[in-house]
Amino acid sequence: MTTASWIVLIAIVAVFGGVVLSYNRFIRQRNLVGEAWRQIDVELTRRHDLVPNLVETVKGYAAHERQTLESVTAARAAAATAGSGPAAQAAQESALSGALSRLFAVAEAYPDLKSSANYLELGRQLAETEDRIAAGRRFYNGNVRALNTRIETFPSAVVAAIFGFKKAEYFSTDDPDVRSVPKVSF
């Protein structure tokens, strides 16, 4: 083989190796995004599981606040149904956050409820879950950013186009209720 043939062969092997490495990095990043989303889903499920207990606790003290309790229950049911993606899930969580805010406002009118050990523990658990959801959202969105940056930058954009890698969707919303933790006041 001539020197030119060796150079061409080395160039082909280098390009092929670069494509393989880039493809594998895309797979790793896509899996990280999926794993991060599943962690958010775990925390959202925990939140959804806490809401019926909170509603039942408040119901015992504020039975005449039926509309508020029903709106929380309906929002929880909608949020517990898997959305079509992060944006849909964020909208459902926004509705649930708004309903929970109204529920906590109702609870303000009942001093006995605010001093109930069950109510206090549920509020603590809900606040802790909200913190974990926020941390999970940051982790997920960081992984989405890394994947989307790779998809948009050269030369990995070429590999992304060849193998059909698509940008992932951020888990965010413009609704200020979602951006803040529901106020829990005891």
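Some notes on this structure:
- Being at pLDDT 85 or above and either part of a helix (DSSP H, G or I) or not hydrophobic (A, V, I, L, M, F, W, C) (or both) is a description that applies to GLU43.
- Highlighted here are the helices (runs of 4 or more DSSP H) found entirely within segment 112-186 that include at least 2 residues which are at pLDDT 80 or above and out of contact with any His (no Cβ under 6 Å at 6 or more places or on another chain): 117-152, 156-163.
- Just one residue in the set ALA135, ALA95 is within 24 Å of ALA82 (Cβ to Cβ), surrounded by 18 or more Cβ atoms within 10 Å (Cβ to Cβ), within 21 Å of the chain's Cα centre (by Cα) and hydrophobic (A, V, I, L, M, F, W, C); that residue is ALA95.
- Residue list for segment 52-67, filter: without any contact (Cβ under 8 Å) to a residue 60 or more places away in the chain and either in a helix (DSSP H, G or I) or of a type in the set (A, V, I, L, M) (or both): PRO52, VAL55, GLU56, LYS59, GLY60, TYR61, ALA62, ALA63, ARG66, GLN67
- Restricting attention to segment 143-168 and to residues that are in contact (Cβ under 8 Å) with a residue 40 or more places away in the chain and small (Gly, Ala, Ser), the residue that is farthest from VAL20 (Cα to Cα) turns out to be ALA168.
- Those residues of segment 68-95 which are in contact with a helix residue (DSSP H, G or I) (Cβ under 8 Å, 6 or more places away or on another chain), over 22 Å from SER116 (Cβ atoms) and not in a loop (DSSP other than H, G, I, E, B), in sequence order: ALA74, ALA75, ALA78, ALA79, ALA80, PRO86, GLN89, ALA90, GLN92, GLU93, SER94, ALA95
- One residue stands out among those in segment 1-40 that are of a type in the set (S, T, N, Q) and at pLDDT below 95: the one that is nearest to the chain's Cα centre (by Cα), which is GLN39.
- Count - residues of segment 75-123 that are among the charged types (D, E, K, R) and in contact (Cβ under 8 Å) with a residue 40 or more places away in the chain: 4
- Conditions (1) over 15 Å from GLY142 (Cα atoms); (2) in a helix (DSSP H, G or I); number of the one not met by MET1: (2)
- Checked against (1) under 29 Å from ASN24 (Cα atoms); (2) at pLDDT below 90; (3) surrounded by 13 or more Cβ atoms within 10 Å (Cβ to Cβ), SER84 passes all but a single condition, namely (3).
- Any hit, segment 9-23, residues being among the aromatic types (Phe, Trp, Tyr), more than 19 Å from LEU120 (Cα to Cα) and part of a helix (DSSP H, G or I): yes
- Among the residues making up segment 52-105, those that are among the acidic types (Asp, Glu) and more than 18 Å from THR129 (Cβ to Cβ) are GLU65, GLU70.
The values are calculated or read from the model by the stated rules, or taken from the named source; none is laboratory data. Model, not experiment: these values are computed from the prediction. Cβ coordinates were reconstructed from backbone atoms using ideal geometry, including for glycine residues, and neighbour counts include every protein chain displayed.
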